[in-house]
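Taken together, the values in this text are just the output of simple stated rules run on the coordinates, not laboratory data. Given the structure is predicted, the values throughout are model-derived calculations rather than measurements.
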Amino acid sequence: MTDTTHPDPIEGCRCEEMLEHLFEYVDSEMTVEDSARLHRHVEECATCQEATDAETRVRLLLRRSCQEVAPSTLRLRVITQIGVLRGGGTIR
């Protein structure tokens with residue numbers, strides 16, 4: 001009997017493994033071999049391709065939505081408070 005939860009790197013990948021490692025795959029935080037193996041699976045599996053595309057779209061949307069810059073007065077207050085804390089003082 002073979003273990004289907006953790007296939008041999010030479011073998012293919014199952015949907016469960018792809019979805020378990022989706023974030024690492026999208027973030028390119030895997031070994032080259034594992035990434036290539038999962039990539040081959042994604043190319044052949046519509047379900048995993050859809051999950052990968054959805055995660056990529058969500059991240060792009062978040063990146064676009066979080067581009068606002070804090071007002072300079074707020075940044076100055078935060079930097080000042082961090083300096084006080086590092087110096088052992090208290091913030092009032």
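On full extension of the chain, what length is gained from Glu44 through Val26, given 0.36 nm per residue of separation minus the C-alpha to C-alpha distance?
Numbers: separation 18, 0.36 × 18 = 6.48 nm, distance 1.68 nm.
Length gained between Glu44 and Val26: 4.8 nm.
What is the Rg over Rh value, at two decimals, for the stretch 15-86, using alpha-carbon atoms and the Kirkwood definition of Rh? Walk me through the numbers before you get to the answer.
On the way: Rg = 19.2 Å, Rh = 15.0 Å.
With Rg and the Kirkwood Rh in hand, the quotient comes to 1.28.
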